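*Asks:* Can you read through this structure? Questions will come right after.
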Amino acid sequence: MTPDEEKVHFDTFGFIVRRGLFGAEKMQKFSDWFDEGCDAQCGPFAGERQIGYPGLSIHEGFCHHYLDDPRILDTLENLMGEDFMLVASDAQRHSGNSHWHQDTAIPMEEGKTSEYLMLKVIMYLDDHSEGPGCLWVLPGSHRRGYAESIRELIGMGNPTDVDTLTPAGVPPTAFPGAVPTKTRPGDIIFFNQKLAHSSWGGQPGRRFLGLTFGAKPTEDWQVEWLVHHGERWKKMCRNERQSQFPEHLVRTAGPRRQRLIEFMYSRGY
């Protein structure tokens with residue numbers, strides 16, 4: 001896709017997948033760094049889901065070779081506009097299914113003069129090209145009206161068993177229009193956090209690194225939401241000394257990364 005096509009696809013459907021953004025050699029380094037950092041932060045994987053906060057704390061290399069990569073930042077600028085910001089990161093070794101959900105309850109009530117964009121970037125470190133364990137998305141479910149309808153449906157019943165019918169009369173993997181992204185290592189997913197998404201099947205311990213970004217706030221309620229979001233992430237960290245902006249992320253920041261972290265870091269997150 002051209003940048004213009006990516007923007008239209010993202011605005012319309014709520015996601016894009018950039019295929020083969022990183023090669024095999026770089027992905028092997030990422031895989032080694034991920035395992036090394038998760039073992040140190042969460043302990044050896046023993047079959048239960050593990051979540052590491054913040055994800056960028058697990059290895060300094062992810063700051064230089066992933067977050068700072070111009071292909072990541074240029075894509076974000078195209079999708080979000082200038083002066084977007086890093087809000088949070090998480091690293092997960094996952095087991096079991098993830099039911100349909102939307103990552104955030106960003107206000108979309110009548111009376112708000114605009115919606116606010118928060119975007120998640122996901123790098124899977126395992127091969128999900130056959131489907132099991134990959135991210136499923138419900139295209140368009142980030143948009144006003146459809147987003148609320150999906151939230152209402154999820155609220156009526158949200159099974160994690162693929163053989164259980166949802167209140168809509170279909171199993172969760174048969175939602176009309178649902179798409180499995182079927183990624184290989186090196187593919188990167190960008191999606192609107194209001195987009196409904198899920199994951200089904202796959203091996204225990206499947207791994208991903210997630211980065212959360214927010215658009216430049218233009219209204220007071222958007223700043224309030226970012227502060228609220230920062231407080232939620234702060235509570236998820238393992239201790240008071242842990243921050244979504246670990247020391248090496250700040251210490252080694254060049255001008256472009258400094259702009260990414262300034263808004264949240266200056267407010268104590």
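Nothing in this text is a laboratory measurement; each read-out follows from the coordinates by a stated rule. For clarity, every value in this text was computed on a predicted model and none was experimentally measured. A quick note on method: Cβ atoms are made from the backbone with ideal geometry, for glycine too, and the neighbour counts reach across all protein chains shown.
*Asks:* Could you give the length gained by full extension between SER149 and THR104, i.e. 0.36 nm per residue of separation minus their alpha carbon distance, to one decimal place?
*Replies:* Value of the extension gain: 14.7 nm.
*Asks:* Further question: Specify the inter-centroid distance of region 59-88 and region 215-257, based on alpha-carbon positions, in whole Å.
*Replies:* Each part reduced to its Cα centre gives a spacing of 14 Å.
*Asks:* Hey, another quick one. Quick check for region 3-265: number of Lys pairs with alpha-carbon distance under 19 Å, counting only pairs 8 or more apart or on different chains?
*Replies:* 10
*Asks:* How high is the relative contact order of the chain, in percent, counting Cα pairs under 8 Å that sit 6 or more residues apart?
*Replies:* 32 percent
*Asks:* Using only helices, what value at 222 nm comes out for the chain when you add -39,500 (n - 2.57) per DSSP H run of length 4 or more and divide by the total residues, to the nearest 500 deg cm²/dmol?
*Replies:* Roughly -10000 deg cm²/dmol at 222 nm, from the helical runs in the chain.
*Asks:* If exposed GluC sites (Glu not before Pro) are those in a DSSP loop with at most 14 other Cβ within 10 Å, what is the longest stretch of the chain that has none?
*Replies:* Looking at the chain, 131-218 is the longest stretch - no exposed GluC sites (Glu not before Pro) with at most 14 other Cβ atoms within 10 Å.
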